[in-house]
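Notes to accompany the following structure.
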Amino acid sequence: MKSAMRAVYTTNNINGKIHVGEKDLPSIGERDILVYMHAASINPIDWRFIGFIAPFYPFSITLGHDGAGVVVAVGKKVSRFSVGDKVYGLKVYAFRGSFAEYFALNENCADRIPDNISLIEGAALPLVGLTAIQALRWARLEPGQHVLVIGGSGGVGHIAVQVAKAQGARVTAVCSTRNVAFVKSLGADEVIDYTWQDALEVVRGVDVVLDTVGKLSHRQCRPLLNPGGCYVTTFPNWKSIPEVLLSCTIGRFFRNCRLSWFVMLNGNRKDMETLSALVREEKVVVAIDTLFEMKDISAAFEISKQSRTVGKNVVLINGGEK
């Protein structure tokens, strides 16, 4: 195995400049696997990471949080994988991330790719899949309850619609006109076109609000919620952060208090296996919007910032073989 690899990285500068160049191969621990990457997905956390973390971190950061490929080495205590396995997985705090020819991650944050999807599709799933699963679990979603998914055509949103339906919920989703048919095809019971309808005006009697785009605060959504209902966001806006933090604190002491929460993703084996089961049973499918080469990563980030992606954008690595 060679000692260097191509990677997308940034350094500790306030301009957030992105480089594509050579980096040392990542080392692996006793419970880690080393994956020869075929594809990695674009997530908003990738470019937010540059602005929030990179300027204060004294070393370069290899970007990317999830992807898929083939196992080429395993740590001595790894029991779940062997060299040659096709896997997908994620690293939540990724200073040596997935936009690279080789990606090292803990075995419990990965799973074998279901046979009914490609490596490229698998690359798009881990982060958004676990985010959707964990958000709806925290909200204690039950069969028959009503869920409002804001951003129903986006990365987390289009997976959350499907996960909620698989759990027996009634789903209302919000998206733009051009994505209404797509979101309906995912199983949404109702779709609100935000270009001419305001969900805050037309929706009531909701048990869970899942805001995947950080547009609305808990205070705004409160009139929509049934008693005991829950507001969950994947990225709180500045106005909602104080009340979300207060609700999180209260919720630690009073189990029945489910005011609001923002998702703090946790990579783990159980949820990866849950995601794989949903994919194998065809209860969850991932939509791929655009494929990018590594050299086009800056353009991919700019498109992600526009919040107009349908499903996921994916970066091809090592040719992106299927």
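General observations
- Full-stretch length increase - Leu291, Ser3 - with 0.36 nm per residue and alpha-carbon distance subtracted: 100.9 nm
- Maximal additional length on extending the Lys76-Lys283 stretch stands at 71.0 nm, based on 0.36 nm per residue less the C-alpha distance.
- Coordinate range along principal axes, alpha carbons of the chain, Å, largest first: 58, 44, 43
- Cα-based reach from Lys165 at 22 Å (exclusive), listing lysines while leaving out same-chain residues under 8 positions away: Lys184, Lys270, Lys283, Lys312
- The value obtained for the stretch 48-93, namely the Cα convex hull volume divided by the number of residues, is 108 Å³ per residue.
- Spin-label pair Asp198/Glu273, simplified geometry with 7 Å Cα→Cβ offset, distance in nm: 4.8
- Sequence of Tyr93, Tyr194, Tyr57 when ordered by accessible area, the most exposed leading, probe 1.4 angstrom: Tyr93, Tyr194, Tyr57
- Probing with 1.4 Å while keeping every protein chain in the model, the per residue accessible area of the stretch 1-100 equals 46 Å².
- Spin-label model, Tyr93 to Ala299: label points 7 Å out along the Cα-to-beta-carbon direction sit 3.5 nm apart.
- Carbon and sulfur %, accessible surface of the stretch 1-106 computed with the full protein complex present, 1.4 Å: 54
- Between Glu142 and Phe52, the contour length at 0.36 nm per residue exceeds the alpha carbon distance by 28.8 nm.
- For Leu127, neighbours were defined as the other residues whose beta-carbon sits under 12 Å from its Cβ, and their charges (Lys and Arg +1, Asp and Glu -1) total -1.
The values are calculated or read from the model by the stated rules, or taken from the named source; none is laboratory data. Here the structure is a predicted model, which is why all the values come from computation and not from measurement. Because the Cβ atoms are built from the backbone with ideal geometry, glycine has one as well, and the counts that use them run over all protein chains shown. Side chains included, ligands, DNA and RNA excluded: accessible areas come from the protein's heavy atoms. Shrake-Rupley method; radii C 1.70, N 1.55, O 1.52, S 1.80 Å.
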